[in-house]
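Computed from the coordinates by the stated procedures, all read-outs in this text should not be read as laboratory data. Please read these numbers as outputs of a predicted model, since none were measured by experiment. Don't worry about glycine lacking a Cβ; one is built from the backbone with ideal geometry, like all the others, and counts go over all protein chains shown.
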Amino acid sequence: MTISTSDDREDLIRAEAKALGFDLCRFTDLDDAWPAAGRLAEFVAEGRHGEMGWLADTADRRAHPRAMWGEARSAVVLGINYGPARNPLEILEHPTLGAISAYAQGDDYHDLVKQRLKALARWLQARFGGELKVFVDTAPLLEKPLAERAGVGWQGRHTNLVSREFGSWLFLGSILTTLNLAPDAPEAMHCGSCQACLDICPTKAFPAPFQLDARRCISYLTIELKGPIPHEFRPALGNRIYGCDDCLAVCPWNKFAQAAAEQKLSAREALRAPSLSNLAMLDDAAFRTLFAKSPVKRLGRDRFIRNVCYAIGNSGESALAEVVLRLIEDASPLVRGAAVWALSRLLRADAFARLKAGIGDLETDAQVCEEWSAAA
């Protein structure tokens, strides 16, 4: 192993990171206190994490990067641009098409980021020595505060990271190391008085600036929530069937953003603006085929079709009722319940009453029966 003692090793690391396909590479030390831990504790104490029990279970390890690994001295924070080629808000004007969050329209970024992190880690250790560990956002490490501390960007009022160079569109990865690397200056907040991200939220998921109630967030509701989405939020979903980009897309700093250069992160044509009627007909095998290598696949067919049904119910297109009728007898109670709600929105009252009389009495699942009763 060749150990370099060059004074410009940070520049060498940046150059290698760029060669591996990272768009940003910055450094921070791990010496100071971690204010983000207090914010996380408050978030969990108030129950704003909803069903994401893993956040509460791993809160201690998220309290400080060294709680993850006591020997760590520095962090290398890396970013990959995934800027969409089109404004994600445009599809919301087409209610018969499904809106999938920009980050999920291409290949699963976790695989790409981790592969590049491991390659950089191997190079870094061979060149400079030391021990290290790599992290993407599936690990209990608060990456956004770490990125802010390293100067990658700042956390806006919506709690998401904003970059002066890439706007809202950065995938993050981190390497913790026992090396003492020269830290970059932290990034200050550059939001000014703007609160467009708070104002646009369809479900009012921000109780205050810099605070998020995940239980009201469309990304949480469509991805993390396992059961039926509460009635009060369903109309606000619009045609969003996986995640929500509203607070990201409205940010004025996106004027400096650029479309992703990495082809694996570019939107697949089939996922840019898919037809809700086609999606509603997916069985499990077809769902897995369509979303192969996509983060959407982890959602599972039933929860995904639940979301599609809600979107169809919001479409106002009575012709789509025929598609949803097929799902009244679906094997999944979750899907059946969502189909009932959609039909209650699309059918005339007398037609829905006849349907209930013919099918509703045969329903045995308590939750679906509640949907029939609520929609009557």
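Which order do Asp302, Asp365 fall in if you start with the one that has the fewest other Cβ atoms within 10 Å?
Details: Asp302 17, Asp365 13.
Going from least to most buried by this count: Asp365, Asp302.
Sketch the reach of a paramagnetic label on Asp8 as a point 7 Å from Cα along Cα-to-Cβ, and name the residues of the stretch 181-201 whose backbone nitrogen lies under 15 Å away. Output list for this probe position: empty. Okay, which of the stretch 96-110 sit inside 18 Å, backbone N to the point 7 Å along the Cα-Cβ direction of Gln258? Residues passing the 18 Å test: none. Seen from Ser277, the other residues with C-beta closer than 11 Å to its C-beta sum to a net charge of -1, counting Lys and Arg as +1 and Asp and Glu as -1.
Summed over qualifying helices (DSSP H, 4 residues or more, each -39500 (n - 2.57)) and divided by its residue number, the chain shows a 222 nm mean residue ellipticity of -10500 deg cm²/dmol. Using the Cβ-Cβ distance between Thr178 and Glu232 with R0 = 51 Å, the FRET efficiency computed as 1/(1 + (r/R0)^6) comes to roughly 0.55.
Footprinting exposure proxy ranking of Lys255, Lys297, Lys118, fewest other C-beta atoms within 10 angstrom first, gives Lys255, Lys118, Lys297. Placing a pseudo-label 7 Å from each Cα along the Cα-to-Cβ vector at Arg61 and Glu93 gives an inter-label distance of 4.6 nm. The alpha-carbon of Lys204 sits under 15 angstrom from the alpha-carbons of these aspartates and glutamates, leaving out residues fewer than 8 places away in its chain: Asp213, Glu232, Asp245, Asp246.
Taking the Cα centre of the chain as reference, the dipole from Cβ charges on Lys and Arg (+1) and Asp and Glu (-1) amounts to some 380 debye. Remark on the chain: Cys25, Cys191, Cys194, Cys201, Cys217, Cys244, Cys251, Cys309, Cys369 stand apart, with no other cysteine beta carbon under 4.7 Å.
Listed by chain and number, the lysines whose alpha-carbon sits under 28 Å from that of Lys356, ignoring those within fewer than 8 places in the same chain, are Lys226. Rounded to the nearest 10 degrees, the inclination of helix 366-375 to the longest alpha-carbon principal axis of the chain is 70 degrees. When only C-alpha pairs under 8 Å and at least 6 residues apart count, what is the relative contact order of the chain, in percent? Reported as a whole number, the value is 20 percent. Could you give the Stokes-Einstein D for the chain in µm² per second, using the C-alpha Kirkwood radius, 10 °C, 1.306 mPa s? Approximately 71 µm²/s, per Stokes-Einstein.
Once the Cα atoms are used to define both axes, helix 9-19 deviates from the longest principal axis of the chain by about 40 degrees.
Gain on full extension, evaluated as 0.36 nm per residue between Arg298 and Glu16 minus their Cα-Cα distance, stands at 98.3 nm. Among Cys194, Cys247, Cys25, the largest mean-square fluctuation in a Gaussian network model of the chain (Cα springs under 10 Å) belongs to Cys194.
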